[in-house]
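Report on the structure given below.
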Amino acid sequence: MTTAKDLFIIAMDPRPEHSVGQGDLSLALAGAELIDLIDAGSVTVDEDRIVPGGPSAPQDRLLGEAAALLIRQPPHEPIEDWLWRRGKDLSAAYQAALEEDGELTRKRSGRLSFGSERVEPVDTPARRAAAERWEEREPVLAALASAIGVEGGPSDVEGGPSDEEPGLDDEAVTAVVTAVHDAVMELEAVRQRRTIENSAFANLWRGP
C-alpha cells in the first residue's frame, strides 16, 4: 500500500491515547501522498514549493488523484497550501477507498443489531505489511504518525525501547514532515480559539 494508506491503518489504533482527529489525519495523509510522489520522482521540492516533474500515472487511484491536482505552472504551490487544499476531507476519502478494497470492515459496537458501527482493519497482507513497517519504526511513517500524536510502535507496548525519533535523510521529505507538523499545530490553535470564543458567547447569554 501507499504511505498514506499505511498511515490511515496505523491511526486506527483503538487505544484511547492514540485517538486522532479527522482534520489532523487529513493533513498528514496529504503529506504522505506528497512524500510518495517525491519518492516516485513525480515531484521535487524547491525550498518550500512543490515542483511537478513529467507526467506520471501512479497505480494507486488516490495517489493518481493527488498527482492530477498538482499545480504545474509557476509560481508553484507551497507545501503548506497543498496540505490544506488536498487535505480537505481526505481521511473520509481514504476510509471509503480502504473499505472498497476490503482493507476495512464495519462492525457494530453493541450486542443489539441497531448498535452504532465502528470501522476496523481487516487482517490482510497489506495490513500486516503496514504493521511491520510501523513496528520497525520506518522513519517516514513514524514521523508522520508523530505529527498527529501517535507515538511509538507495537514494540513500545511490549516494553521495547523507543527513546529517539528516527531521523529523515532527505531534505524534501523533511520539509514535508515539518509542514505537516506546522499545519496540525495551526489547526489545533484554530480549535482552541473557537472553544474560547464559544465559551465566551455562552457566558454572555448566561449573564453574570
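Just so it is clear, none of the values below were taken in a lab; they were calculated from the coordinates. Being a predicted model, the structure only gives us computed values, none of them experimental. Note that we place each Cβ from the backbone using ideal geometry, even for glycine, and neighbour counts take in every protein chain shown.
Gain on full extension, evaluated as 0.36 nm per residue between ARG106 and ARG85 minus their Cα-Cα distance, stands at 4.7 nm. Along the charge dipole of segment 32-111, pointing to its positive end and built from +1/-1 on Cβ of Lys, Arg, Asp and Glu, which listed residue (ALA66, PRO52, GLY102) has its Cα farthest out? Going by the Cα projections, it comes out as GLY102. Amide hydrogen proximity for LEU104: with H placed 1.01 Å from N in the peptide plane, the residues at 5 or more positions away or on another chain lying under 5 Å are GLU99, VAL122. Near THR44, the amide H atoms lying under 5 Å from its own belong to VAL51, GLY53; only residues 5 or more places off or on other chains count, and H is placed 1.01 Å from N. The string of couplings for segment 57-66 from the Karplus curve (6.51, -1.76, 1.60, θ = phi - 60°) is 9, x, 5, 6, 4, 5, 5, x, 4, 4 Hz, one whole number per residue in order, with x for Gly and Pro. Cβ crowding within 10 Å ranks LEU29, LEU141, LEU69 as LEU69, LEU141, LEU29, fewest other Cβ atoms first. For GLY64, what is the net charge nearby, where nearby means another residue's Cβ is under 14 Å from its Cβ and Lys, Arg count +1, Asp, Glu -1? The answer is -1.
Taking amide H atoms as placed 1.01 Å from N in the peptide plane, the amide H of GLU77 lies under 5 Å from those of ILE50, ILE71, each 5 or more residues away in sequence or on another chain.
Against the empirical curve 2.2 N^0.38 Å, the C-alpha radius of gyration of segment 42-95 lands at a ratio of 1.14. For segment 25-31, putting each phi into the Karplus relation 6.51 cos²θ - 1.76 cosθ + 1.60 with θ = phi - 60° gives couplings of 4, 4, 4, 5, 5, 5, x Hz, in residue order, rounded to whole numbers and with x for Gly and Pro.
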